[in-house]
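Presented below is the structure to which this report refers.
The values are calculated or read from the model by the stated rules, or taken from the named source; none is laboratory data. None of the values given here were measured: they were computed from a predicted structure. Counting neighbours? That spans all protein chains shown, and the Cβs are built from the backbone with ideal geometry, glycine included.
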């Protein structure tokens, strides 16, 4: 891919293209970044590329002639590339917001021409004559279009075949999995300051790991970027989500050694906070139930009174456990 950058400050791009992934892509011949100083196409002796705006107002406006001539020149330098394989883009806060889907689209072109504005703006006739689309990287204003152009180059270049070491790096990252955020990553050491790597990642069971990762991606997207969800969860997604959070639990007999629960869900009744009116127990903290050592062999419930799916009152006559004896307990859920 050939990327032509039209700018008043070509020196800004040198350190970016001379390091890291972009440097490797250029060295492999996968990417070519060509920098063009728009001043070289100015008519005046002093290479003036801006002027005062018609109608008055603050600031200066970049002139139409130098930019149009520069675009025509770099398109000609591109050689015999088909017009449909070229894209002329102006970096502008008024453009459509850049995202991963747009990066994937742009990676299919053979030549991109990125116009970097400066000062108050660019003469609108540039858009009318040579620009295919305007792109913004967010709802904020920068000094010029150089930094947004760097973002586009970096994002698009890493999608080109052969740039990254593994195709999975692109396939599994954030926004590539049907718009979901990427799952969390872990590496050595296995434990650091009391925080351990999830056991599933050490299991060697690739099917379980894949489900866990997808479930984590869904959960993270739900919590951090809910607006990214454009469709409901599939049955497989629900199974994957079940590996990281429990939605419905129905138990008749429960045997547990150490339990830390943030949410208790009984008989498809989901409760985020458990309010207990009267509880006679030895060691139970409710709000979040955290028990250090509770060994429960069998929970025997003589009577459970429920009206509908929503249980207002659970009356338990006798609860027999190894370490907890409750004579009479009433809990409202």
State whether the residues of the stretch 175-186 include one that is farther than 30 Å from residue 110 by Cβ, at pLDDT below 95 and surrounded by fewer than 10 Cβ atoms within 10 Å (Cβ to Cβ). yes
For residue 140, which of the numbered conditions (1) touching a residue at least 40 places away in the same chain (Cβ under 8 Å); (2) crowded, with 18+ Cβ neighbours inside 10 Å fails to hold? (2)
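Looking at 33, 16, 38, which one is surrounded by 13 or more Cβ atoms within 10 Å (Cβ to Cβ), at pLDDT 95 or above, touching a helix residue (DSSP H, G or I) at 6+ places or on another chain (Cβ under 9 Å) and over 25 Å from residue 158 (Cβ atoms)?
On the way: 33 fails: over 25 Å from residue 158 (Cβ atoms); 16 fails: over 25 Å from residue 158 (Cβ atoms).
When all the criteria are applied, what remains is 38.
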Which of the residues belonging to the stretch 48-89 are assigned to a loop (DSSP other than H, G, I, E, B) and more than 18 Å from residue 114 (Cα to Cα)? 48, 52, 53, 54, 55, 56, 57, 58, 59, 60, 80
Taking the conditions exactly as written (assigned to a helix (DSSP H, G or I), crowded, with 18+ Cβ neighbours inside 10 Å, assigned by TED's automatic domain parsing to the domain that holds residue 12 and touching a helix residue (DSSP H, G or I) at 6+ places or on another chain (Cβ under 8 Å)), does residue 126 satisfy them or not? yes
Boolean, residue 78 is within 17 Å of residue 132 (Cα to Cα), touching a residue at least 60 places away in the same chain (Cβ under 8 Å) and within 38 Å of the chain's Cα centre (by Cα): yes
Return yes or no: is residue 25 part of a helix (DSSP H, G or I) and either farther than 22 Å from residue 127 by Cβ or not assigned by TED's automatic domain parsing to the domain that holds residue 152 (or both)? yes
